[in-house]
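**Student:** Just dropping this structure here.
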Amino acid sequence: MSPAPSGRPADPPVSTASGLAKPLAALFVAMTILVAYGFWAKGRLPELASQHGKYIDNTIYYLLVATGLLFLAGHAVLTWFVLRYAGANDSGSPHAGAKLEKRWALVPVLVMCVVAEGGVLGIGLPAFAEVYGEPAADAVTVEVVGKQFEWIVRYPGPDGVFGAVDHTLVHDVRNPVGLDKKDPASKDDIVLRGQLTLPVGRQVVIRLRALDVIHSFTVPQFRVKQDLIPGFLGRTQFVPTKVGQYELACAELCGLGHYRMRGFVNIKEEAEFQQWLSEEEPWF
Amino acid sequence: MVLETQARPAGAHASAHDHAPQSFLRRYVFSLDHKVIGLQYILTAMFMALIGGGLSALIRYQVAWPEKAVVSPETYLSVVTMHGTIMVFFVVSLALVSGFGNFLIPLQIGARDMAYPLLNALSYWTIVPGCLLMILAFFVEGGAAAAGWTAYPPLSALAEAVPGSGLGQTLWLLAMALFIASFTMGGLNYITTILNCRAKGMGLLRMPLSVWMFFVSAILGVLAFPPLTAAALMLLGDRHLGTSFFLPGGMVFGEEVLAHEGGTPLLFQHLFWFLGHPEVYVIVLPAIGIAFDVIATYARRPPFGYRMSVWATLLIAFLSMIVWGHHMYVSGMNPLVGEYFSIATVSITAPFSILGVNLLASLWRGKIRFTTAMVFALGIISVIGLGGLGGLYLGTSTSDIYFHDSYFVVGHFHLMIGVVTLMGTYAACYHWFPKMFGRAMNERLGYLHFALTYVPMMAVFVLMHYQGLSGMLRRYYDHSIYDFQTVGRELSKPISYWAFAAFAGQFVFLANFLWSALRGRKVGSNPWEATSMEWNTESPAPHGNFGAADPVAVRGPYDYAPEGSSKEYAPQWTQ
């Protein structure tokens, strides 16, 4: 023991408070069980309605299992150590030696390389081809334009070509995306507010543009999220697999109406979709 | 007087204790003493925490009871933005890195003060106007900044985009510039002090892990913050000087096309996250270092794998600077670049898990004493496990498509840069309180404080993970108009109740802190029977830190259960 350099009397022995070991261990056990049960019971993703989404879901479910096991193992050891070594006098020498310490550094490295990189490369990567790959030849292309706090949808019309736009022509009521009349390709463009209608079972390519600030196109059931950046023409693609109506939301803070920037995605059968499309009037 | 082998800057006067300043102003206000400055930072952070915590209560009230509309949508965004900014930069960074870093580094390496005491004082007095500007922003026209703590343009660049992007955002940027200036001065001071002012015998690998982590954190801060300074200046230019660094052509507000042309908002995101991601490690690493120190002291054994922890920390620091793009997977980033960022990001889990395993293994064959500081350190192990693993879901670019901007993100980063750092700060406070005031904090209140911190905070942020899984999106004023968010909303009220409990629990700490500083149990120089250098001096540590003779380190910082000795522990300063 070293002498205290100050003139004060020596301190009383430090309390080990080892009575706390059990309550603390119980707290860790209870918390671990509750967290694990919660992920089991609440760890449900919304119903899947797109083709590539299964890769995303697989990645998430894989991570839930892999990280769940690591979480349980870590807390089991923590709880055990807390109980075993609480004020212990029979622990044996704590000096592990450099070799053992290095070996134990290798274990987590190997485990995490397999769990983490395995997740990214083995399970995550296959989704890329579908999310970012070249679109199919028969893909439907639609443009979605984000502005505070509304989604505007544009179809290219029978010519299959999106007409030119000019932002100086934007008018909230008369011309929401700034269609340029001088371009013949603009004449048959269809412009709709807040409603995106698409066929089921066919690839959809969405061109993304923003008029003012950054927005983010997200439909949770499709596992799709892609930012709309002013000055950029963005893209996202997916294959809807279920007929129905889905909510379209903005995921990137875009101003005070961010929370109410709601749109709808209507997925119809192919024939129904074609019928609907042929009945829509061009904007001009 | 023992002659120094290392050069000491004139500021770190070896005989400072002989002429400690006597006037109240020079002693407690405009002090050059690192301990006083450290305490000033901590008290300032406590004050800011009351504001930041109060804002979080307001957020939780609005999110859980949107029908009551306790604030307007524009105020809500200001509240969210200011909560994030204040908590990350003006509470956690201030208390943990600037506060305890200042207080501990010289004491733990056996120095008499920082290398540059005047610069140290200057760095504190730079952050004070920063805090005032942040608070002032609430009272200007348009309200405080409302573009999120990430301040992405164009939202943050244009008053047309959101009311808070008026004067409020300008004040935000100026306050951040002051913060960065202060933090950079502090970081340079830490690096210089650690490299040049260590006591005789205090080799780099004889420094406590807390000092190592402060060292690495300072290097990271100095490297990562300047790009944000540049971004802040460029954003000010876009806002007030008509430049277009971050603003492209063709932006339309109310049928008017703005004159800006040629910039890109993505540039700002890169600059912001080039700082933003290392910043996570700037504040998390010191908390882990403190946990190592505290666990060694109360488990009565050296930390497991000291050297491996040092190497792992250096590797984490390096990797943390090359992974910022994982915040931008869905911004339109080239998927191959995204895949690189994904591989690099999750590779951090390898060295990081070394730290986790070493923390855990530092209990192995220990003789655990459950002081409050120790209980908080054990809590850190638990939270790091959960929060760290949660990061994998977001670092993996495929799953991040789903989780980006959801409550999963909110839950994850609060665990890591909120709860871990807060618990590290508390562990440090309970552990080193004797060196500040010569008294110990009340342990019973400490245990109560731990229970009221660990349980409710875990509840809040774990429940947010479930909300994120269900698809609930963050920064929403009102989730009720969406069908898909109804599942997540069921948890909003429970989360809010737990959050209020967590907030209330912190007043137990505040009361304990104030009461113990004045009336706590008086303790001697080494009440915890610890081994590192700071316990080789009176409690509270005097001006100049150590007595007339300069301290000498004769062994490592953690010689508990020394090998080949019958002693229970062998302090660093005794043969």
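**Student:** Would you compute, for the Cα atoms of chain B, the largest minus smallest coordinate along each principal axis and list the three values in descending order, in whole Å?
**Tutor:** 78, 48, 46
**Student:** Could you grab the relative contact order for the range A:136-279? Cα pairs under 8 Å, six or more apart, rounded to a whole percent.
**Tutor:** 26
**Student:** Would you list A:213, B:36 from fewest to most Cβ contacts within 10 Å?
**Tutor:** Result, fewest neighbours first: B:36, A:213.
**Student:** I would also like to ask the following. Using the Karplus curve 6.51 cos²θ - 1.76 cosθ + 1.60 with θ = phi - 60°, what ³J(HN,Hα) values do you get for each residue of the range A:208-223, in whole Hz, with x for Gly and Pro?
**Tutor:** Whole-Hz 3J(HN,Hα) from phi for the range A:208-223: 10, 9, 10, 8, 10, 10, 6, 10, 9, 7, 9, 10, x, 5, 8, 6.
**Student:** From the residues B:418, A:80, B:63, which one has its Cα farthest along the dipole of the protein assembly as shown in the positive direction, the dipole being from +1 and -1 charges on Cβ of Lys/Arg and Asp/Glu about the Cα centre?
**Tutor:** Comparing the listed Cα positions along the dipole, A:80 ranks first.
**Student:** Which value at 222 nm does chain A reach when only helices count, each DSSP H run of 4 or more adding -39,500 (n - 2.57), with the total divided by all residues and rounded to the nearest 500 deg cm²/dmol?
**Tutor:** Using -39500 (n - 2.57) per qualifying helix, the result is -10000 deg cm²/dmol.
**Student:** Taking the Cα centre of the protein assembly as shown as the origin and placing charges on Cβ (Lys, Arg +1; Asp, Glu -1), which of B:540, B:109, B:429 is farthest toward the positive end of the dipole?
**Tutor:** The residue sitting farthest along the positive end of the dipole is B:540.
**Student:** For residue B:515 and residue B:334, what does the FRET efficiency come to when R0 = 51 Å and r is the distance between their Cβ atoms, rounded to the nearest 0.05?
**Tutor:** FRET efficiency, residue B:515 to residue B:334: 0.35.
**Student:** Taking Cα centroids, how far is the range B:133-194 from the range A:161-206 in Å?
**Tutor:** One Cα centre to the other: 38 Å.
**Student:** While we're on this one: Within a 10 angstrom radius of the beta carbon, how do A:188, A:183, A:227 rank from fewest other beta carbons to most?
**Tutor:** Result, fewest neighbours first: A:183, A:188, A:227.
**Student:** Quickly work out the residue B:204-to-residue B:549 label distance, labels modelled 7 Å from Cα along the C-beta direction, and quote it in nm with one decimal.
**Tutor:** Distance between the two pseudo-spin positions: 3.0 nm.
**Student:** Taking R0 as 30 Å, what's the FRET efficiency between residue A:64 and residue A:106 from their Cβ-Cβ distance, rounded to 0.05?
**Tutor:** 0.70
**Student:** Here is a follow-up. Run the simple label-point estimate for residue A:41 and residue A:132 please: 7 Å along Cα→C-beta, distance reported in nm.
**Tutor:** Label-label distance for residue A:41 and residue A:132, simple model: 3.9 nm.
**Student:** Using modelled amide H (1.01 Å from N, peptide plane; none on Pro or chain starts), what sits under 5 Å from the amide H of residue A:248, excluding residues fewer than 5 places away?
**Tutor:** Correct list: A:263, A:264, A:265.
**Student:** Quick one: of A:102/B:200; A:181/A:268; A:187/A:268; A:147/A:225, which pairs are farther than 22 Å apart, Cα to Cα?
**Tutor:** A:102/B:200; A:181/A:268; A:187/A:268
**Student:** On to the next question. Check which residues have an amide H placed less than 5 Å from residue A:215's amide H, if you skip close sequence neighbours.
**Tutor:** A:228
**Student:** In addition: Among B:284, B:464, B:263, flag the residue with its Cα farthest along the positive direction of the charge dipole of chain B, charges on Cβ as +1 for Lys/Arg and -1 for Asp/Glu.
**Tutor:** B:284
**Student:** Distance from a point 7 Å along Cα→Cβ of residue A:51 to each backbone N in the range A:113-136: keep the residues under 14 Å and list them by number.
**Tutor:** A:127-136
**Student:** Order by neighbour count: B:131, A:254, A:113, fewest other Cβ atoms within 10 Å first, most last.
**Tutor:** A:113, B:131, A:254
**Student:** Still on this structure: Give me the lysines in straight-line cross-link reach of residue B:493: C-alpha distance below 20 Å, same-chain residues under 8 apart excluded.
**Tutor:** A:42, B:68
**Student:** Rounded to two decimals, what is the ratio between the C-alpha radius of gyration of the range A:130-284 and 2.2 N^0.38 Å?
**Tutor:** Its radius of gyration relative to the 2.2 N^0.38 Å reference: 0.98.
**Student:** Using θ = phi - 60° and the Karplus curve 6.51 cos²θ - 1.76 cosθ + 1.60, what whole-Hz ³J(HN,Hα) does each residue of the range A:173-182 get, with Gly and Pro shown as x?
**Tutor:** Karplus-based 3J(HN,Hα) across the range A:173-182 equals 9, 7, 7, x, 9, x, 4, 9, 4, 5 Hz.
**Student:** Expressed as a whole number of Å, what is the distance separating the alpha-carbon centroids of the range B:234-257 and the range A:68-99?
**Tutor:** If you average the Cα positions of each part, the centres end up 57 Å apart.
**Student:** With a/c under 1.5 counting as rounded, go ahead and sort the protein assembly as shown into rounded, prolate or oblate using the C-alpha gyration tensor (a ≥ b ≥ c being the square roots of the eigenvalues; past the cut-off, prolate if a/b is larger than b/c, else oblate).
**Tutor:** Because a/c hits 1.5 or more and a/b exceeds b/c, the protein assembly as shown counts as prolate.
**Student:** Skipping prolines and chain starts, which residues have an amide H placed within reach, meaning under 5 Å, of the one on residue A:210, given they are 5 or more residues away or on another chain?
**Tutor:** A:146, A:229, A:231, A:232
**Student:** Let me ask another. Once the Cβ-Cβ distance between residue A:121 and residue A:270 is put in as r, and R0 is 41 Å, what FRET efficiency do you end up with, to the nearest 0.05?
**Tutor:** 0.70
**Student:** Residue by residue, what Karplus-based ³J(HN,Hα) values in Hz, rounded to whole numbers, does the range B:355-367 have, using 6.51, -1.76 and 1.60 with θ = phi - 60° and x for Gly and Pro?
**Tutor:** 4, x, 5, 5, 4, 5, 5, 6, 8, 4, 6, x, 10
**Student:** At 0.36 nm per residue, minus the direct Cα-Cα distance, what do residue A:34 and residue A:99 gain on full extension? Give it in nm, one decimal, please.
**Tutor:** In short, 19.6 nm is gained.
**Student:** Please report, in debye to the nearest 20, how large the charge dipole of the range A:136-279 is about its Cα centre when each Lys and Arg carries +1 at its beta carbon and each Asp and Glu carries -1 there.
**Tutor:** 320
Here, each number is a calculation from the coordinates, and none is a lab measurement. None of these values were measured; they are calculated from a predicted model. Here Cβ is always computed from backbone atoms with ideal geometry, including for glycine, and neighbour counts include all displayed protein chains.
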